[in-house]
Amino acid sequence: MGYKTIIGLEIHVELMTKTKIFCSCINAFGGDANTHCCPVCLGLPGSIPKLNKAVLEYGIRAGIAFNCQIADYVKMDKKHYFYPDLVKGYQTSQDDRPLCRDGYVEIENEAGSKKIGLQRIHIEEDTGKSIHTEGGDTLIDYNRAGVPLIEIVTKPDINTSEEARMFLENLRNTLKYIEVSDCKMEEGSLRCDVNINVIDTETGNKTNITELKNLNSFKAVVNAIEYEEKRHIDYLERGENTIKETRRWNELENKTLVMRGKGGTENYRYSVDVDVLPVKIDRDWIEEIKNNLPELPHHKKERFIKEYDLPEYDAGVLTQSKEIAQFYEETNRYAKDPKQVSNWIMGDVLRRLNDEELEVEDLKFKPKDLADLIGFINNGKISNNIGKKVLRDMFETGEKPEEIIKKKGLIQISDEGELKGIVEKVLHENQQSIIDYRNGKDRALGFLIGQVMKSTRGKANPQMVNEMVKEMIEKR
Amino acid sequence: MDIVKLTAIEMREKLKNKEISSKEIVNAHFDRIEEIEGDLNSFITLTKEEALRAADRVDNKIKNGENLGILAGIPVGVKDNIITKDIRTTCGSKILENFIPPYEATVIEKIKNADGIILGKTNMDEFAASYSTETSYFGVTKNPIDRDRVPGGSSGGSTAAIKAGEVALALGSDTGGSNRQPASYCGVVGIKPTYGLVSRYGLISLANSLDQIGTFGRNVADAALMLEAIVGQDAKDPTSMDIEKVDYLGRLKEGIEGMKIALPKEYMSMDIDNRVKEQIMKSVKLLEKLGGEVEEVSLPHSEHAWSTYYLIVVSEISSNMARFDGIRYGYRTKDYETLDELYINSRTEGFGEEIKRSIIAGTYILSSKKGKEYYNKALKVRTLIKEDFDKVFEEYDIVLAPTTPNLPFKIGDSVKNPFEMYNSGIFNIPANLAGLCAISLPCGYVDGLPVGLQIMGDRFKELNILKAAYAFEEELSIGGER
């Protein structure tokens, strides 16, 4: 038995530049249809594109982050095809000289770390968006026309759906880290196509490549790969071969359907766009971009271990996204207790976020609030358990911890005199337990402490209660 | 005083001296247009209302003693491949018959800022892709000198309008001689500026790497005045260059004493009408008499200019025509059910034969392996042609050539013999391939038909060709003649 799945990905990422790639129209998601447009991005006759230097910079940033070689000079090429959302009858893209080439992304799988090679990263313009109405009309919104993209093409180094998922997560985190894209699949700012086929490792037979489109989430990528893997293996087992074609993922039916056949290779009639003058990429500029590059995930992880003395596991969890890392660092700036802060964020905060499928950005409270909460626990104002309750309230209402504590009267009772009275009362009411404890039943002590906590609704300082109960039994 | 016979500079002087008003100038030209346009067909669209409003503004400025722009009150014709906001811009094609642009070309803004008065949009070969103005969807323009003959092209509407006194100045575009060849055929002056001197923003592309907006006048000074009004780097056209502004008009009269003049031997041994050749040789003598030092030079790659040009031009045309798909603007067929039918029928019905020929050839070149090889070879030869000129310009100030190897041909002849027509641009193409500046001016008449002398200059050395052209014109005293 032996099948090997071979997967290559093509990822389109919209860049977060302020303006579009060839004009000064605003680059923003949404907006009323056809309002972020001008003669240039509408491709009106007579208009001339003007390359936005920021697009090169963003592309180079990605190239550096993914260990690519950056080109010495770039030119733009015209890729011709007809489609209503394509305004010039060609897309201005890059053909034989991409901005970046030969990079890699590292992922951790069971066998250790694996490098997924990148063939190239090139810059290009996005197209408009066709909207098919229920009435059968097609409406076109050209707001997206001219939005800058990078296209990232991997080498066929991915062998499982899990590797594809890890690769994509790593890629997305890094792109967000270096502020190149917000990578929101639901808004289309990250789009992924999959090329997949399967080899029978015994016979060497392999299926024809299927291209998969309409993958709107990482989950869809994983499911579609798994579906196709099976489909290709079925063909091999029957001694047949798949057709070289493009298929689309149908989320509802959980399967892929034929979209279009791919007879010969498509002929895009590439030619140089002579209106966009070639740009020489200065090595100093690349250095400068490199020096100003925001910290990459693995660098941040190393720094967290060193600077905050965190276990590797903690550092890994906290740097999984830029936002979490930022939240951690800000909280710690106030709390100055790296391990405690890490415990709280990794534990209660992330668990709750995961349960509700929310992001750190969605939190109603601020890092300062969490730091205050931790401070209250550390200085004994509230107990750890009460702290968890307060955090729950903060989650739901966004109220400041001290207000919650005040409003609900949760301040820990650490006054010796007050506690003594309460303990005395509990001991008085539970004579049998005292006898049991003296007879060596340790459980009785726990019961007595529990009674004290119960009568104070958890507010009693647990450590003090613990000691006090023992002490007072002995004195009796 | 016959206003329409004045040169642009004379008109401007008389306007400043309050001898005539802007309104009178505009009206006189529209009278002339009314009289002759039915026969000539120089214009696709006339904009009389806008012109009269603009004239009012100029007259008010004069009344209020405000500063006037350098084109104040001068009637200008604009080739219909230059975008005019809110005024339809057709490129001489059915596919853009009803296209009303929502923006303004940079050169139009400049003309308006200089107080020039645009009278209308002039006729042209469809998308500027031919040499006779016969391929216009709006009918042929006749040559005012001989109405049986073509005015040349593709800017034939502009040159005919100037020759006939319908406008004093005009804009054209030149991709492979479209300014110079019709200037020669109509006996006017046409300038093709250096690639990058004038913004192309708003010029509907034929072949982007060769296209350049150019100017026409009845004499050298007028054409230079028009040029002065439109030059300058434009942030909207990254291929436009930052060149220090030269006072063309002020320095026009500096003369050519000691100017080094090159005469390419390859050109003179090409197939040229003997009558044209004779006029050119006479012109050479005249320039020598004026103090120019003429020597024969070699441009060894000249014989490959035409095929190089053809490969590049049709490739760029096929790509540039792709946006005319019937979806967003322009002509859309009524006869379609599928998207493919919409594309195919709109383009089949909207484009004329000449453009279709170019699209087919260009598509072949860009889509086949063999074609790509030819194309890449053409790009290399283009560099060699450029280097030929660079070498010559190390020693010489200007290069002389006939503008065309022939005389204006009869309307309809080009259909019978298209290669004869293509051949008429043979001496123009090198300047486009090399990105040089060039001018065509009348140097004599043969059997009542004008012959054009072409003077080429190095990149951004417009002053050299203008000085030589001006001195020549003065000596021949043909300036202003019609």
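Taken together, the values in this text are just the output of simple stated rules run on the coordinates, not laboratory data. Keep in mind it's a predicted model, so treat the numbers as computed, not measured. Because the Cβ atoms are built from the backbone with ideal geometry, glycine has one as well, and the counts that use them run over all protein chains shown.
If you consider only alpha-carbon coordinates, what radius of gyration and Dmax does the protein assembly as shown have, in Å?
38.6, 140
Among A:Tyr58, A:Tyr334, which comes first, second and so on when ranked by fewest other beta-carbon atoms within 10 Å?
Values: A:Tyr58 25, A:Tyr334 17.
Ranked by crowding around the Cβ, least crowded first: A:Tyr334, A:Tyr58.
Using just the C-alpha positions of the range B:302-392 as equal point scatterers, what log10 of I(q)/I(0) does the Debye formula give at each q in 0.11 1/Å?
-0.42
Starting from one equal scatterer on each C-alpha and no solvent at all, send me the Debye-based log10 I(q)/I(0) for the range A:76-231 at q = 0.08, 0.09, 0.16 Å⁻¹, two decimals.
One equal scatterer on each Cα of the range A:76-231 leads to -0.29, -0.36, -1.09.
Beyond a 25 Å Cα-Cα separation, which of these cross-linked pairs lie in this structure: A:Lys4/A:Lys115; B:Lys163/B:Lys461; A:Lys280/B:Lys356; A:Lys114/A:Lys219; A:Lys322/A:Lys408? The partial results should precede the final answer.
Numbers: A:Lys4/A:Lys115 17 Å; B:Lys163/B:Lys461 27 Å; A:Lys280/B:Lys356 37 Å; A:Lys114/A:Lys219 21 Å; A:Lys322/A:Lys408 35 Å.
Pairs exceeding the cut-off: B:Lys163/B:Lys461; A:Lys280/B:Lys356; A:Lys322/A:Lys408.
Once you measure Cβ to Cβ distances between cysteines in the protein assembly as shown, which Cys have no partner under 4.7 Å?
A:Cys23, A:Cys25, A:Cys37, A:Cys38, A:Cys41, A:Cys183, A:Cys192, B:Cys91, B:Cys186, B:Cys437, B:Cys443
HN-Hα J couplings of the range A:92-98 from phi, Karplus 6.51/-1.76/1.60, θ = phi - 60°, integer Hz, Gly and Pro as x?
Residue by residue, the range A:92-98 yields 7, 9, 10, 9, 8, 10, x Hz.
Taking the Cβ of B:Ile465 as the center, what net charge do the other residues with Cβ under 11 Å away carry, scoring Lys and Arg +1 and Asp and Glu -1?
With Lys, Arg at +1 and Asp, Glu at -1, the neighbours total 0.
Using label points projected 7 Å from each Cα along Cα→Cβ, tell me how many nm separate A:Val279 and A:Asn354, to one decimal.
4.2 nm
Please get the size of the charge dipole for the range B:177-243, origin at its Cα centre, with Cβ charges of +1 on Lys and Arg and -1 on Asp and Glu, quoted in debye to the nearest 20.
Around 220 debye, computed over the range B:177-243.
Can you tell me what percent of all Cα-Cα pairs in the range A:3-283 are more than 29 Å apart? Each step should come with its number before you reach the end.
Numbers: 14169 of 39340 pairs.
Value for the range A:3-283: 36 percent of Cα pairs lie more than 29 Å apart.
What does the C-alpha gyration tensor say about the overall shape of the range A:170-252? Classify as rounded when a/c is under 1.5, otherwise prolate if a/b is larger than b/c, or oblate.
Working: a/c = 3.18, a/b = 2.23, b/c = 1.42.
Because a/c hits 1.5 or more and a/b exceeds b/c, the range A:170-252 counts as prolate.
Please work out whether the range A:155-204 counts as rounded, prolate or oblate from its C-alpha gyration tensor, where a ≥ b ≥ c are the square roots of the eigenvalues and a/c under 1.5 means rounded, while otherwise a/b larger than b/c means prolate and anything else oblate?
It is prolate, given that a/c is not under 1.5 and a/b is the larger ratio.
Treat every Asp and Glu Cβ in chain A as -1 and every Lys and Arg Cβ as +1, leave all other atoms uncharged, and give the resulting dipole magnitude about the Cα centre to the nearest 20 debye.
780 debye
Cα axis of helix A:161-177 to longest principal axis of chain A: angle in degrees, 0 to 90, nearest 10?
80 degrees
Taking the range A:372-420 on its own, what percent of its Cα-Cα pair distances exceed 16 Å?
34 percent
Quick one, can you get me the convex hull of the C-alpha atoms of the range A:295-407 expressed as volume per residue in Å³?
Cα convex hull per residue, to the nearest whole number: 92 Å³.
Specify, per residue and in Å³, the volume enclosed by the convex hull of the alpha carbon atoms belonging to the range B:1-122.
Cα-based convex hull of the range B:1-122, divided per residue, equals 99 Å³.
I need the phi-derived Karplus couplings for the range A:3-15: 6.51 cos²θ - 1.76 cosθ + 1.60, θ = phi - 60°, integer Hz, Gly and Pro marked x.
These are the phi-based 3J(HN,Hα) values: 10, 10, 8, 10, 10, x, 10, 10, 10, 9, 10, 7, 7 Hz.
From other protein chains only, count the Cβ atoms within 10 Å of every residue's Cβ in B:314-323, then give the mean.
Across the residues of B:314-323, the mean count of other-chain Cβ atoms within 10 Å is 5.
Quick one: order B:Phe324, A:Phe365, A:Phe82 by neighbouring beta-carbon count within 10 Å, fewest to most.
On the way: B:Phe324 26, A:Phe365 20, A:Phe82 17.
Least to most surrounded, the residues fall as A:Phe82, A:Phe365, B:Phe324.
Can you give the Rg to Rh ratio of the range B:84-186, both from alpha-carbon atoms, with Rh computed by the Kirkwood formula? List each step's numbers first, then the result.
Working: Rg = 13.2 Å, Rh = 13.7 Å.
Here the Rg-to-Rh quotient is 0.96.
Obtain the nm distance between the two label points defined at A:Lys475 and B:Asn376 by a simple spin-label model: each point lies 7 Å from its Cα along the Cα-to-C-beta direction.
Once both label points are built, they end up 9.7 nm from each other.
Would you kindly derive the ³J(HN,Hα) couplings of the range B:388-404 from the backbone phi angles with the Karplus curve 6.51 cos²θ - 1.76 cosθ + 1.60 (θ = phi - 60°), listing them in order in whole Hz, with x for Gly and Pro?
Taking θ as phi minus 60°, the curve returns 3, 5, 3, 4, 4, 6, 5, 10, 10, 8, 9, 10, 9, 6, x, 6, 9 Hz for the range B:388-404.
Short version: what are the Cα gyration tensor semi-axes of the range B:128-230, square root of 5 times each eigenvalue, largest first, in whole Å?
After diagonalising the Cα gyration tensor, the semi-axes are 20, 17, 10 Å.
Could you please rank B:Lys260, A:Lys408, A:Lys475, placing first whichever residue has the fewest other Cβ atoms within 10 Å of its Cβ? Each step should come with its number before you reach the end.
Details: B:Lys260 17, A:Lys408 14, A:Lys475 6.
Lowest to highest Cβ neighbour count: A:Lys475, A:Lys408, B:Lys260.
Roughly how many whole Å is it from the C-alpha centroid of the range A:320-359 to that of the range B:323-401?
Each part's Cα centre sits 59 Å from the other's.
Hey, with R₀ at 41 Å, roughly what FRET efficiency would A:Asn384 and A:Thr160 work out to, going by the Cβ-Cβ distance, to 0.05?
According to the calculation, E is roughly 0.50.
Once every Cα of chain B carries one equal point scatterer and solvent is ignored, give the base-10 log of I(q)/I(0) from the Debye formula at q = 0.10 Å⁻¹, two decimals.
With one equal scatterer per Cα and no solvent, log10 I(q)/I(0) is -0.68.
So for the pair B:Lys48, A:Arg303, with labels modelled 7 Å out along Cα→Cβ, what separation do we get in nm?
Once both label points are built, they end up 7.4 nm from each other.
Provide the packing ranking of B:177-189, B:144-156, i.e. peptides ordered by the mean count of other C-beta atoms within 10 Å per residue, highest first.
Descending packing order for the listed peptides: B:177-189, B:144-156.
Using modelled amide H (1.01 Å from N, peptide plane; none on Pro or chain starts), what sits under 5 Å from the amide H of B:Val297, excluding residues fewer than 5 places away?
B:Leu263, B:Lys265
Counting only the backbone N, which residues of the range A:453-476 are under 15 Å from the spot 7 Å out from the Cα of A:Ile435 toward its beta-carbon?
Answer for the range A:453-476: none.
Quick one: helix A:297-308 against the long Cα principal axis of chain A, what's the angle to the nearest 10°, folded into 0 to 90?
Roughly 20 degrees between the two axes.
Pick out, from A:Ser47, A:Cys100, A:Leu168, the residue whose Cα sits farthest towards the positive end of the charge dipole of the range A:35-179, with +1 on the Cβ of Lys and Arg and -1 on the Cβ of Asp and Glu.
Of A:Ser47, A:Cys100, A:Leu168, it is A:Ser47.
Under 10 Å from the Cβ of B:Asp447, count the other residues' Cβ atoms, weight Lys and Arg +1, Asp and Glu -1, and hand me the total.
Net charge around B:Asp447: 0.
Under 5 Å between amide hydrogens, which residues at least 5 positions from B:Gly120 or on another chain qualify, with H placed 1.01 Å from N in the peptide plane?
B:Thr47, B:Val78
Restricting attention to the range B:241-336, which GluC sites (Glu not before Pro) occupy a DSSP loop and are surrounded by at most 14 other Cβ atoms within 10 Å?
Sites meeting the loop and neighbour criteria: B:Glu244, B:Glu257.
Could you tell me which residue out of A:Thr207, A:Val221, B:Cys437 lies farthest along the dipole of the protein assembly as shown toward its positive end? Charges go on the beta carbon: Lys and Arg +1, Asp and Glu -1, centred on the Cα centre.
Most positive-ward Cα: A:Val221.
Computed FRET efficiency, Cβ-Cβ of B:Lys334 and B:Ser368, R0 41 Å: what is it to the nearest 0.05?
About 0.75, to the nearest 0.05.
Give the calculated FRET efficiency between A:Lys406 and A:Glu361 to the nearest 0.05, with a Förster radius of 35 Å applied to their Cβ-Cβ distance.
Efficiency at R0 = 35 Å is approximately 0.80.
Set Lys and Arg Cβ to +1 and Asp and Glu Cβ to -1, take the dipole of chain A about its Cα centre, and tell me which of A:Asn461, A:Val180, A:Ile422 lies farthest positive.
A:Ile422
Could you work out the percent of alpha carbon pairs in the range A:416-475 separated by over 17 Å, rounded to a whole number?
In whole percent, the share of Cα-Cα pairs in the range A:416-475 beyond 17 Å is 25.
Let me know the Kirkwood hydrodynamic radius for chain A, please, with Cα pairs as the basis and the value in Å to one decimal.
26.8 Å
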